[in-house]
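Remarks on the structure that follows.
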Amino acid sequence: MKKCFLLIIYLIGNISIANCSDIISITYNTQLEQLSFAVNNLKEQLFYKGKQLRINEFKSSSGEKDILIITKGDIQNPFDTMVAETDFEGLKSEGYRFKRVNNSHTLLVLASDEKGSAYGVLELKEHLELNPNLKEIKDKVVNPAFEYRIVKYNLPWSPYRSNPATEIHTHISRDIAFWEKFLDMMVENRLNVLSLWNNHPFPFMIIAENYPKASPFSEDEMEEWKTFWKTLFRMAKLRGIQTFIVNWNIVVSPEFAEAYGVNEYNDLSDVVKKYTKESVTQMINEYEDLTGIGVTLADWMGNFGEKEMTPQKREDWIEETIVAGMKEANRPVKFIHRSVLAGDPIAMRELIDRAGLEEPALVEIKFNWSHGHSTPKLAITHDYHSGELDDRFWNPIPENYRIQWMIRNEDFFILRWAQPDFIRAHINENAKEYVNGYFIGSEGYIPAMDYSHKPSPIKTWQYAFEKQWMFYKTWGRLLYQPDTPDSYFIHQFELRYGEGKGAPLLEASKLASNMPLRLASFYRSTWDYTLYSEGFIEAEPSSKTEWFDRSSPFISIDQLINHETLDPDMISIVDYSKKTMNKEKIGSDQITPLALAELSENDSKRALELIGPLYSQTNEYSGALESELDDISTWSYLGIYFADKLRAGVALQDFRNTGDIEKKKLAIGLLEKCLEHWDQVIKYTKDRYNPTPHVSTQRYGENFTEFSWELLRPQVKRDIQIAKDSK
């Protein structure tokens with residue numbers, strides 16, 4: 001008879017598993033759905049490794065167990081004598097503890113709730129990927145750093161940004177097969193909330209009882225929509241993922257506007273208020289697995305002209321519609337209150353006070369506006385007024401809400417990105433008492449169809465989020481556990497691409513991924529169109545300036561010279577040139593354009609050195625490795641381009657200040673080198689990526705309806721002429 005190894009997982013109140021050399025025994029409460037989902041996931045992995053997972057229900061408590069899973073307070077648990085109350089001390093929601101039982105083979109997994117137990121099982125799965133020996137699992141406690149780890153997903157119907165870059169995702173965003181993979185990715189990466197955003201969700205979810213003409217769908221069509229939503233919300237709940245529907249205000253459907261004689265936007269009439277309130281109630285009642293609802297003081301709450309609403313009137317409208325509708329529903333739900341420029345923290349606090357929520361509200365604040373992938377220092381938010389941050393959102397510390405930083409990504413949609421050191425620094429800088437979560441996501445990008453990549457043998461993934469797998473993995477895992485070491489991410493690379501490749505891939509990814517962070521930190525931007533880092537594009541200026549060139553979205557040398565910085569420690573080119581001309585002292589903690597150029601070039605060249613040897617190994621494993629390497633190369637040459645453009649900007653501005661012709665010659669030479677760097681970017685992208693519809697460039701006419709690096713080459717070359725023409 002083979003000797004068995006016993007592992008017990010104890011979720012405050014439940015016990016699981018026993019293990020032999022070929023058979024692992026797990027014992028847990030099989031009535032817990034989220035936990036059962038995780039166990040079945042483990043069972044599938046073990047099957048492919050030639051092992052069997054034997055599942056025991058609690059009532060079958062006899063015999064040796066490898067793994068015993070117990071959730072605190074589970075009334076089904078017959079193993080109370082094995083675990084003390086003190087074993088659960090210090091465990092937060094979604095946390096877990098691994099503990100050996102009296103030096104036996106049994107491993108307990110203890111958790112305060114079902115989600116914690118499921119996460120414990122997922123870690124067991126990850127351990128077994130690396131090491132098949134359960135005996136080597138050490139006693140430990142794992143707790144989430146943030147309660148809310150949220151994905152922002154913009155829906156392509158009734159979209160905030162209506163354009164080809166949005167519409168192309170409509171079919172996939174209604175495909176349950178897509179959502180199954182997306183939700184599985186979220187669980188794997190410990191992302192625990194899916195927030196779904198569009199202008200006006202109700203016509204796609206309900207036929208309003210008193211306003212049936214609000215929806216364009218027949219009863220049969222609405223049944224199809226309901227099946228989709230219920231399946232999605234159920235799938236998410238099974239995986240321990242909360243779901244929120246978030247809308248903009250004040251909007252109704254075109255059908256509602258026509259049928260009931262109102263405006264589609266900015267209509268403050270009683271009929272729109274009544275319809276909105278009743279729709280909120282009906283939606284909550286009809287979708288029992290929906291976690292909550294969100295609302296934003298946004299563009300269509302009378303921002304302009306005679307209908308402009310004061311912050312207080314905006315909150316009053318939300319109270320009379322969204323909050324009132326929530327109160328009349330047959331169950332409580334959670335509430336997201338998005339904070340934007342149009343709001344006021346005092347009016348918002350008072351609204352949340354009156355809402356009478358059972359759980360603290362979620363207040364989302366954009367970190368550094370629409371460009372969270374910049375400096376980890378909080379420089380601006382969407383509530384930014386008169387050059388100062390409004391700290392009244394968190395001062396004094398709120399009692400009935402907590403803040404979640406929105407890390408909006410409007411800066412890279414095509415190239416892969418992974419910089420765990422940046423995420424760690426961000427968390428270390430901004431994990432305040434009043435913060436309990438993060439949002440990650442975009443407004444102009446939906447991670448569904450990967451329409452940018454050309455069909456190719458190296459395209460081994462189906463969906464866009466699968467190509468950006470390390471973006472979600474680094475953000476999700478570090479928000480859950482900030483001390484997750486680099487060794488974990490190295491191992492994830494090696495699982496995909498083979499032993500020995502993980503360390504150089506991770507280090508090169510880090511170095512190359514600094515490029516967009518540095519550009520966004522140097523080039524101060526606010527809303528969505530003010531920067532697209534991977535394209536070196538500014539489609540709309542942050543403020544009206546004489547130097548802004550409306551003939552092209554490309555950031556010209558003049559724009560780079562004159563633009564202010566976002567990071568307060570950085571010095572703009574125009575200010576740096578003036579200081580050096582006047583021989584002013586520059587602080588030791590300040591980052592000059594030339595110092596930034598040096599950092600960008602050094603990191604980029606080192607990344608290219610690290611991945612050079614890996615190109616000869618791309619045929620051994622997934623063809624996706626070649627695409628990973630090409631993306632790192634692209635970022636690297638963009639980083640070298642940025643470095644020489646910074647140097648050229650300093651030289652050109654010095655010439656303009658002093659008349660030194662040698663400075664002008666230097667600038668021209670550097671910009672000619674920039675064109676060579678850009679040609680390298682084209683080399684690594686032209687054959688892989690299609691010219692891609694992009695939300696921010698379409699206002700520039702027929703020449704800029706799509707984005708590609710090759711299409712911008714004339715603008716890169718134009719910089720040389722700007723320098724030559726300078727006087």
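Side notes on the structure shown:
- Out of 155, 130, 134, one residue alone is over 16 Å from the mean Cα position of the chain (by Cα), surrounded by 14 or more Cβ atoms within 10 Å (Cβ to Cβ) and at negative phi. It is 134.
Here's the yes/no breakdown for (1) part of a helix (DSSP H, G or I); (2) within 32 Å of the chain's Cα centre (by Cα):
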residue: 191; (1), (2): no, yes
residue: 194; (1), (2): no, yes
residue: 209; (1), (2): no, no
residue: 226; (1), (2): yes, yes
residue: 247; (1), (2): no, yes
residue: 255; (1), (2): yes, no
residue: 273; (1), (2): yes, no
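- Of all residues in region 520-540 being closer than 11 Å to residue 555 by Cα and of a type in the set (A, V, I, L, M, F, W, C), the one that is modelled with the lowest pLDDT: 539
- Residue 596 surrounded by 19 or more Cβ atoms within 10 Å (Cβ to Cβ) and part of a loop (DSSP other than H, G, I, E, B): no
- Scanning region 604-618 for residues that are small (Gly, Ala, Ser), under 31 Å from the mean Cα position of the chain (by Cα), outside the structural domain of residue 466 (by TED's automatic domain parsing) and surrounded by 23 or more Cβ atoms within 10 Å (Cβ to Cβ) turns up at least one hit.
- Matching entry among 77, 40 (being in a helix (DSSP H, G or I) and either at pLDDT 90 or above or surrounded by 23 or more Cβ atoms within 10 Å (Cβ to Cβ) (or both)): 40
- Within region 92-145, the residues that satisfy the criterion of being closer than 19 Å to residue 25 by Cβ and of a type in the set (Lys, Arg) are 99, 100, 125, 135.
- One residue stands out in region 120-172 among those that are aliphatic (A, V, I, L, M) and outside any helix (DSSP H, G or I): the one that is farthest from residue 338 (Cα to Cα), namely 137.
- Single residue of region 228-245 satisfying the filter (assigned to a helix (DSSP H, G or I) and of a type in the set (Phe, Trp, Tyr)) that is nearest to residue 474 (Cα to Cα): 233
The rows are residues; the columns are (1) touching a Gly at 6+ places or on another chain (Cβ under 8 Å); (2) over 21 Å from residue 569 (Cβ atoms); (3) surrounded by 21 or more Cβ atoms within 10 Å (Cβ to Cβ); (4) not acidic (Asp, Glu).
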position	(1), (2), (3), (4)
378	no, no, no, yes
400	no, yes, no, yes
416	no, yes, yes, yes
424	no, no, no, yes
429	no, no, no, no
457	yes, yes, no, yes
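- For region 478-510, taking the residues that are among the aliphatic types (A, V, I, L, M) and surrounded by fewer than 24 Cβ atoms within 10 Å (Cβ to Cβ), the one that is nearest to residue 574 (Cα to Cα) is identified as 503.
- Beta carbons closer than 6 Å, at least 6 apart along the sequence or on distinct chains, pair a first residue in region 668-683 that is over 20 Å from residue 649 (Cα atoms) and in contact (Cβ under 8 Å) with a residue 12 or more places away in the chain with a second that is surrounded by fewer than 17 Cβ atoms within 10 Å (Cβ to Cβ) and not aliphatic (A, V, I, L, M) for 682/710.
- Close pairs (6 angstrom Cβ cut-off, 6 or more residues apart or separate chains): in the same structural domain as residue 26 (by TED's automatic domain parsing) in region 66-77, in a loop (DSSP other than H, G, I, E, B) and modelled with pLDDT of 90 or more anywhere: 72/112; 74/29; 76/29
- Out of 302, 356, one residue alone is assigned by TED's automatic domain parsing to the domain that holds residue 238, surrounded by fewer than 17 Cβ atoms within 10 Å (Cβ to Cβ) and at positive phi. It is 356.
- Residues that are surrounded by fewer than 20 Cβ atoms within 10 Å (Cβ to Cβ) and touching a strand residue (DSSP E or B) at 6+ places or on another chain (Cβ under 7 Å) do not occur anywhere in region 184-202.
- Scanning region 468-491 finds no residues that are without any contact (Cβ under 8 Å) to a residue 40 or more places away in the chain, outside the structural domain of residue 431 (by TED's automatic domain parsing) and not in a helix (DSSP H, G or I).
- Within region 566-588, considering residues that are touching a strand residue (DSSP E or B) at 6+ places or on another chain (Cβ under 9 Å) and assigned to a loop (DSSP other than H, G, I, E, B), the one nearest to residue 726 (Cα to Cα): 571
The values are calculated or read from the model by the stated rules, or taken from the named source; none is laboratory data. Just so it is clear, the structure is predicted and the values come from calculations on it, not from any experiment. With ideal geometry, Cβ positions are generated from the backbone for all residues, glycine too; neighbour counts draw on all protein chains shown.
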